[in-house]
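*Asks:* I am attaching a structure below and will ask some questions about it afterwards.
The values are calculated or read from the model by the stated rules, or taken from the named source; none is laboratory data. As the structure is a computational prediction, the values presented were derived from the model and not from experiment. Quick reminder, even Gly has a Cβ in these numbers, built from the backbone with ideal geometry, and neighbours come from all protein chains shown. Keep in mind that these areas ignore ligands, DNA and RNA; they rest on the heavy atoms of the full protein, side chains included. Shrake-Rupley method; radii C 1.70, N 1.55, O 1.52, S 1.80 Å.
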Amino acid sequence: MSVCHCEQTREAQYQELQKVIDKYLNVEGSLIPLLQEAQEIFGYLSGDVMKKISAEIKVPFSKTYGVATFYSQFHLQPRGRNIIRVCQGTACHVRGGAKILDAAAEKLGVAENGTTKDLRYTLETVACLGACGQGPVLMVNDDTHGRLAAKDVPKILDKYE
Amino acid sequence: MGHLSELHARCTDQYIEKFNRSRVIVGLGTCGIAAGGDKVMAAIQHEAASKNMHIDIDFTSCIGICFREPTVEISLPGFAGVIYGDMTPDKVPYLLESHIINRHPVEEWAVMQISEGSTALYENITKMNDYPFYSKQVRTVTSRLGRTNPESLTDYVATDGYKALEKALSMQQLDIIEEIKKSGLRGRGGGGFPTGMKWGFVYQAVGAKKYVVCNADEGDPGAFMDRSVLEGDPHSVLEGMAICGYAVGADEGYIFVRAEYPLAIKRLQTAIAQAEKYGLLGNNILDTGFNFKIKIKAGAGAFVCGEETALLTSIEGNRGMPRVRPPFPANQGLWGKPTNLNNVETYVNVPFIINRGSDWYTSMGTEESKGSKVFCLTGKINNTGLAEVPMGISLRDIIYSVGGGIQNGKRFKAVQIGGPSGGCIREEDLDLPVDYDSLTAAGAMMGSGGLVVMDETTCMVDVAKFFLSFTQTESCGKCTPCREGTKRMLEILNRLCSGAGRMEDLDTLERLGRVVKNTALCGLGQTCPNPILSTILYYRDEYLAHIQDKRCPAGACSALLVYQIDPDKCKGCSKCAKNCPAGAITGGKKKPYFIDVDKCIKCGACLPGCQFEAIYNDAAPHRNNCRPATRRTA
């Protein structure tokens, strides 16, 4: 019989968060790295997490929310375990980056910025990954895959559980 | 100060010792890994272990020939290193057996050979200096790329690393600044402000606490030179910053790197830890009493943070919005303190200038733009990659000599330089010397150094729309001209590309562009109309074709394509009708089919399925075996 570990996991996550907050307490300009590390722990930034951070480092919640919504890296909704970022930069654009995005969207059945129901994948685009010589390019988590054709996309995505 | 010479001697010994062994070196920059370099590496390790070979297996960063990635270099003691291109894991066993065991390089896979010192050359392999991609290049900033291990302090120190820092620390602060001024070095991030003058301002600024910041927020689509340098030679960035810190009187530095560059961040972290361990960064550097610490700040994804005031605001932990200048960062920068802010490539030039002197530096380049510049060649060009050329070289040389011309024998149309802030340069202007001032005069700008080459199948209206949709998304929204202006201009461009353009749109675009250019708060807004204005100036007829004829001459705007079936070629197989999601194709068995233009949604699904090549449009005209470059209109 399976037992739900949600509560325990959440508690561990908050303990982890506390450590990060302690590390950055009294460090100038620490809000962004704090949010980045909090997002690594939770996968996204929930209202509760942002409120806790604000209260601990004594920054108005409005500012924390403002920063979190300004940068494209921060996410306020749960995301998939694997983040797919399809490059739509100039060089990839002229070499068919849009077709790669379509192929990924079709394979996953979600649109741009969508997350699959099983939380396995989130599909995003990025303005440039800096691997222009290899275009078109997509990145899954920290792995960059280059010189793609649309037909290569499904088997690459299958590799990520 | 005996400290460094001892380290230098030790590192040089270790470095030279490496050349006494057979070495296999894999190019593992982000681009090499994307092309499968890590799989080639695994295959080499496996093969060497199973055959019990006594070889050194090492890695390096990107040497610049992205079009031949993944690359592998093999060198035998006393012989030149041979660079192999397009390697795959299945080529590995034969390669190692032939070159290492039988001592015969595989000539047909070899790209070129590089001779270090007095090593013997092979007869039938091109030398690096004769290889067309490199023959017009000067490798200074990129000299260690693809030649040293970027995670090894030994390699860096053995190749004259940290010598400039040692020399600088024995100089007067003002002498260093004077040397940089005399070199004529200008900011490589795009603006082209004289670096020595900026350092002088920070030096003169009042305040005990000062900062040195490196802008590594390389966000221009089509530019990757900062990434390549950070991944390939991280220590040189640290050394340049430390010299600057000493010269201007700062003890703390920040490197602001894009979060999209995880490998660059990792290699910088490694380099900082190594430098601190050996007393090359941190407190009391090289026993001179000079303290300098460097911290990394990972960006959080906002293009506007490449603008200097926005970048500093972001380091402070705020929304990365630019502010009005003056006060300039040199007087009031990070946390209100005097701050020197330069781009990655600018800092990397510094150690070379200090080591070799400003006279050497001014021997390269033009009257107003000295030294070299690293460019990224991308787009429809044969040799995509990283190229460092002397200032003043013509664009034609870069595109045809270094870049090897246009892919698939197509015709050159334009080169886009300077990313979303730059403009397009047409064929007639290709002989312009590449320097800050002549590019600006031609309606483009140096920018950070992205060169995206476009051929006849690229639609210039679509290109303008592409860049504007980028800047529109990245506009921070603080000032009205940029926030509203980009939106309205994008609406108009979308209208043109979908066939609903009106004649007055052209004037409106030009007027809006001028207003945004003159009134926006920061560099992002002031330069974002450049792609539109330069394409209207040079390719007005293409705009007119979109508006008056509702036609895209390049066949790129899919909404403007008209699909037709040639009744003479159609065999009536009905495949296109089955593929058509809109039910726009009708016909009878064994009779020519017909596309109803009103029902057609221009998706292009019919085209690849037709084995008789009976279906055609502007992009894939009659009797053309090329498939069309159909592109989505956003």
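*Asks:* In the stretch A:94-122, what count of residues is obtained for those that are out of contact with any Cys (no Cβ under 9 Å at 6 or more places or on another chain), more than 9 Å from chain B (Cβ to nearest Cβ) and either open to solvent by less than 20 Å² (accessible area, probe 1.4 Å) or not in a loop (DSSP other than H, G, I, E, B) (or both)?
*Replies:* Qualifying residue count for the region: 11.
*Asks:* Which count do you get for residues in the stretch A:88-111 that are at pLDDT below 90 and in contact with a Ser or Thr (Cβ under 8 Å, 6 or more places away or on another chain)?
*Replies:* Going through the stretch A:88-111 one residue at a time, the tally reaches 4.
*Asks:* Additional query: Please go through (1) closer than 23 Å to B:T378 by Cα; (2) at pLDDT 95 or above for B:A43 and return the number of the only condition it doesn't satisfy.
*Replies:* All conditions are met except number (1).
*Asks:* Given the conditions (1) within 29 Å of A:N141 (Cα to Cα); (2) away from chain A (no Cβ under 13 Å); (3) assigned to a loop (DSSP other than H, G, I, E, B), report the number of the one that B:C62 does not fulfil.
*Replies:* (2)
*Asks:* Quick check on my filter: what residues within the stretch B:315-329 are open to solvent by less than 10 Å² (accessible area, probe 1.4 Å) and away from every other protein chain (no Cβ under 11 Å)? Walk me through it before giving the result.
*Replies:* Let us first name the residues in the stretch B:315-329 that are open to solvent by less than 10 Å² (accessible area, probe 1.4 Å), namely B:315, B:317, B:320, B:322, B:329.
Those that are open to solvent by less than 10 Å² (accessible area, probe 1.4 Å) and away from every other protein chain (no Cβ under 11 Å): B:P322, B:P329.
*Asks:* Can you pull out the residues in the stretch B:59-78 that are open to solvent by 30 Å² or more (accessible area, probe 1.4 Å) and touching a helix residue (DSSP H, G or I) at 6+ places or on another chain (Cβ under 8 Å)?
*Replies:* Kept after step one, since they are open to solvent by 30 Å² or more (accessible area, probe 1.4 Å), are these residues of the stretch B:59-78: B:59, B:67-68, B:77-78.
Those that are open to solvent by 30 Å² or more (accessible area, probe 1.4 Å) and touching a helix residue (DSSP H, G or I) at 6+ places or on another chain (Cβ under 8 Å): B:F59, B:F67.
*Asks:* Specify which of the listed residues (B:G27, B:G81) is within 14 Å of chain A (Cβ to nearest Cβ) and open to solvent by less than 50 Å² (accessible area, probe 1.4 Å). Even if it seems obvious, please write down each step before you answer.
*Replies:* Numbers: B:G81 fails: within 14 Å of chain A (Cβ to nearest Cβ).
Only one candidate passes the filter, namely B:G27.
*Asks:* Tell me, which helices (runs of 4 or more DSSP H) lie completely within the stretch B:120-175 with 2 or more residues that are crowded, with 21+ Cβ neighbours inside 10 Å and among the aromatic types (F, W, Y)?
*Replies:* Numbers: elements: B:132-135, B:153-158, B:163-169.
Of the helices (runs of 4 or more DSSP H) lying wholly inside the stretch B:120-175, those with at least 2 residues that are crowded, with 21+ Cβ neighbours inside 10 Å and among the aromatic types (F, W, Y) span B:132-135.
*Asks:* Still on this structure: Within the stretch B:454-466, work out how many residues are more than 13 Å from B:G555 (Cβ to Cβ) and facing another protein chain (nearest Cβ under 9 Å). Steps first, answer last, please.
*Replies:* To start, the set of residues in the stretch B:454-466 that are more than 13 Å from B:G555 (Cβ to Cβ) comprises B:454, B:463-466.
Among the residues that remain, those that are also facing another protein chain (nearest Cβ under 9 Å) are: B:454, B:463, B:466.
Count: 3.
*Asks:* Which one of A:S62, A:S72, A:S54 is small (G, A, S) and assigned to a loop (DSSP other than H, G, I, E, B)?
*Replies:* Values: A:S62 fails: assigned to a loop (DSSP other than H, G, I, E, B); A:S54 fails: assigned to a loop (DSSP other than H, G, I, E, B).
Going through A:S62, A:S72, A:S54 in turn, the sole match is A:S72.
*Asks:* Give the residue that is farthest from B:I353 (Cα to Cα), with candidates limited to residues of the stretch B:235-274 that are assigned to a helix (DSSP H, G or I) and within 14 Å of another protein chain (Cβ to nearest Cβ). Steps first, please.
*Replies:* We begin by selecting, within the stretch B:235-274, every residue assigned to a helix (DSSP H, G or I); these are B:235-248, B:262-274.
Cutting the leftovers down to within 14 Å of another protein chain (Cβ to nearest Cβ) gives us B:262-267, B:269.
Working: B:P262: 30, B:L263: 28, B:A264: 24, B:I265: 26, B:K266: 27, B:R267: 24, B:Q269: 25 Å.
Step by step, filter the stretch B:235-274, then rank; the result is B:P262.
*Asks:* Going by the structure shown, is B:A223 more than 27 Å from B:L4 (Cβ to Cβ), surrounded by fewer than 24 Cβ atoms within 10 Å (Cβ to Cβ) and small (G, A, S)?
*Replies:* Values: more than 27 Å from B:L4 (Cβ to Cβ): yes; surrounded by fewer than 24 Cβ atoms within 10 Å (Cβ to Cβ): no; small (G, A, S): yes.
Here the answer is no, as B:A223 does not meet what is asked.
*Asks:* To continue, here is another question. Looking at the stretch B:421-465 only, could you name the residues that are of a type in the set (A, V, I, L, M, F, W, C), under 22 Å from A:V94 (Cα atoms) and either surrounded by fewer than 18 Cβ atoms within 10 Å (Cβ to Cβ) or in contact with a His (Cβ under 6 Å, 6 or more places away or on another chain) (or both)? So that I can check it myself, show each step before the final result.
*Replies:* Here is the first cut: in the stretch B:421-465, the residues of a type in the set (A, V, I, L, M, F, W, C) are B:424-425, B:430, B:432, B:434, B:439, B:441-442, B:444-446, B:451-454, B:459-461, B:463-464.
Among the residues that remain, those that are also under 22 Å from A:V94 (Cα atoms) are: B:424-425, B:430, B:444-446, B:451-454, B:459-461, B:463-464.
The answer is B:L430, B:V461.
*Asks:* A:V67 versus (1) at pLDDT 90 or above; (2) within 11 Å of another protein chain (Cβ to nearest Cβ); (3) open to solvent by 30 Å² or more (accessible area, probe 1.4 Å); (4) assigned to a helix (DSSP H, G or I): which is the lone unmet condition?
*Replies:* The single condition A:V67 does not satisfy is (3).
*Asks:* Still on this structure: On the given criteria, is B:T508 surrounded by 24 or more Cβ atoms within 10 Å (Cβ to Cβ), more than 13 Å from chain A (Cβ to nearest Cβ) and polar (S, T, N, Q)?
*Replies:* On the way: surrounded by 24 or more Cβ atoms within 10 Å (Cβ to Cβ): no; more than 13 Å from chain A (Cβ to nearest Cβ): yes; polar (S, T, N, Q): yes.
The answer is no for B:T508.
*Asks:* If you don't mind, there's one more thing I want to ask. I'd like to check something: does the stretch A:123-136 contain any residue that is assigned to a helix (DSSP H, G or I) and more than 13 Å from chain B (Cβ to nearest Cβ)?
*Replies:* First, the residues of the stretch A:123-136 that are assigned to a helix (DSSP H, G or I): A:132-134.
From the residues that got through so far, the ones that are more than 13 Å from chain B (Cβ to nearest Cβ) too are none.
No, there is no match, as no residue in the stretch A:123-136 is assigned to a helix (DSSP H, G or I) and more than 13 Å from chain B (Cβ to nearest Cβ).
Table: residues versus (1) more than 25 Å from B:D455 (Cβ to Cβ); (2) open to solvent by 70 Å² or more (accessible area, probe 1.4 Å); (3) modelled with pLDDT under 80.
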{"site": "B:S574", "(1), (2), (3)": "yes, no, no"}
{"site": "B:A584", "(1), (2), (3)": "yes, no, no"}
{"site": "B:G588", "(1), (2), (3)": "yes, no, no"}
{"site": "B:F594", "(1), (2), (3)": "yes, yes, no"}
{"site": "B:P608", "(1), (2), (3)": "no, yes, yes"}
{"site": "B:A614", "(1), (2), (3)": "yes, no, no"}
{"site": "B:D618", "(1), (2), (3)": "no, no, yes"}
{"site": "B:R623", "(1), (2), (3)": "no, yes, yes"}
{"site": "B:R632", "(1), (2), (3)": "no, yes, yes"}
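*Asks:* Restricting to the stretch B:420-435, and then to whatever is in a helix (DSSP H, G or I) and acidic (D, E), can you tell me which residue is farthest from the other protein chains (Cβ to nearest Cβ)? Write out each step before concluding.
*Replies:* Our first condition is that a residue be in a helix (DSSP H, G or I); within the stretch B:420-435, this holds for B:420-421, B:427-429.
Filter once more, so that each one left must be acidic (D, E): B:427-429.
Numbers: B:E427: 18, B:E428: 22, B:D429: 20 Å.
The qualifying residue farthest from the other protein chains (Cβ to nearest Cβ) is B:E428.
*Asks:* (1) more than 7 Å from chain B (Cβ to nearest Cβ); (2) assigned to a helix (DSSP H, G or I); (3) in contact (Cβ under 8 Å) with a residue 24 or more places away in the chain: which one isn't true of A:A91, the others all being true?
*Replies:* Only one criterion is unmet by A:A91, namely (1).
*Asks:* Does at least one position in the stretch B:288-309 carry a residue that is more than 21 Å from B:E345 (Cβ to Cβ) and open to solvent by less than 10 Å² (accessible area, probe 1.4 Å)?
*Replies:* As a first pass, look at the stretch B:288-309 and keep what is more than 21 Å from B:E345 (Cβ to Cβ): B:288-291, B:293, B:300-302.
Adding the requirement that they be open to solvent by less than 10 Å² (accessible area, probe 1.4 Å) leaves B:300.
The answer is yes, given that some residue of the stretch B:288-309 is more than 21 Å from B:E345 (Cβ to Cβ) and open to solvent by less than 10 Å² (accessible area, probe 1.4 Å).
*Asks:* Further, regarding this structure: So A:G29 fits all but one of (1) small (G, A, S); (2) crowded, with 18+ Cβ neighbours inside 10 Å; (3) under 21 Å from the mean Cα position of the chain (by Cα); (4) under 23 Å from B:K478 (Cβ atoms); what number is the exception?
*Replies:* (3) is the only condition that A:G29 fails.
*Asks:* Then there's this: Looking at the structure I just gave you, is B:Y538 open to solvent by less than 10 Å² (accessible area, probe 1.4 Å) and not small (G, A, S)?
*Replies:* On the way: open to solvent by less than 10 Å² (accessible area, probe 1.4 Å): no; not small (G, A, S): yes.
The answer is no for B:Y538.
*Asks:* Then there's this: Only one of B:S475, B:S448, B:S438 is small (G, A, S), in contact with a Cys (Cβ under 6 Å, 6 or more places away or on another chain) and more than 9 Å from chain A (Cβ to nearest Cβ). Can you tell me which?
*Replies:* Numbers: B:S448 fails: in contact with a Cys (Cβ under 6 Å, 6 or more places away or on another chain); B:S438 fails: in contact with a Cys (Cβ under 6 Å, 6 or more places away or on another chain).
None of the other options fit; the residue is B:S475.
*Asks:* Criterion first (crowded, with 24+ Cβ neighbours inside 10 Å and either within 27 Å of B:A520 (Cα to Cα) or within 14 Å of chain A (Cβ to nearest Cβ) (or both)) does B:L312 satisfy it?
*Replies:* Values: crowded, with 24+ Cβ neighbours inside 10 Å: yes; either within 27 Å of B:A520 (Cα to Cα) or within 14 Å of chain A (Cβ to nearest Cβ) (or both): yes.
Yes, satisfied.
*Asks:* Also, I was wondering about something else. Which condition number in (1) crowded, with 20+ Cβ neighbours inside 10 Å; (2) at pLDDT 85 or above; (3) on the phi > 0 side of the Ramachandran plot is the one that B:K550 fails?
*Replies:* (1)
*Asks:* Which one is nearest to B:D462 (Cα to Cα) among residues in the stretch A:76-88 that are hydrophobic (A, V, I, L, M, F, W, C) and either surrounded by 19 or more Cβ atoms within 10 Å (Cβ to Cβ) or within 12 Å of chain B (Cβ to nearest Cβ) (or both)?
*Replies:* First, the residues of the stretch A:76-88 that are hydrophobic (A, V, I, L, M, F, W, C): A:76, A:83-84, A:86-87.
Among the residues that remain, those that are also either surrounded by 19 or more Cβ atoms within 10 Å (Cβ to Cβ) or within 12 Å of chain B (Cβ to nearest Cβ) (or both) are: A:83-84, A:86-87.
On the way: A:I83: 29, A:I84: 26, A:V86: 20, A:C87: 17 Å.
The selected residue is A:C87.
*Asks:* In this structure, is B:G219 part of a loop (DSSP other than H, G, I, E, B) and either touching a residue at least 40 places away in the same chain (Cβ under 8 Å) or touching a Lys or Arg at 6+ places or on another chain (Cβ under 7 Å) (or both)? Spell out how you get there, then give the answer.
*Replies:* On the way: part of a loop (DSSP other than H, G, I, E, B): yes; either touching a residue at least 40 places away in the same chain (Cβ under 8 Å) or touching a Lys or Arg at 6+ places or on another chain (Cβ under 7 Å) (or both): yes.
Against the criterion (part of a loop (DSSP other than H, G, I, E, B) and either touching a residue at least 40 places away in the same chain (Cβ under 8 Å) or touching a Lys or Arg at 6+ places or on another chain (Cβ under 7 Å) (or both)), B:G219 qualifies.
*Asks:* Go over the candidates B:G499, B:G513, B:G418 one by one and state the one that is of a type in the set (G, A, S) and open to solvent by 10 Å² or more (accessible area, probe 1.4 Å). Spell out the reasoning first.
*Replies:* Working: B:G513 fails: open to solvent by 10 Å² or more (accessible area, probe 1.4 Å); B:G418 fails: open to solvent by 10 Å² or more (accessible area, probe 1.4 Å).
Unique residue meeting the criteria: B:G499.
*Asks:* Going through the stretch B:372-397 one residue at a time, which ones are among the basic types (K, R), under 18 Å from B:M454 (Cα atoms) and more than 10 Å from chain A (Cβ to nearest Cβ)?
*Replies:* B:R396
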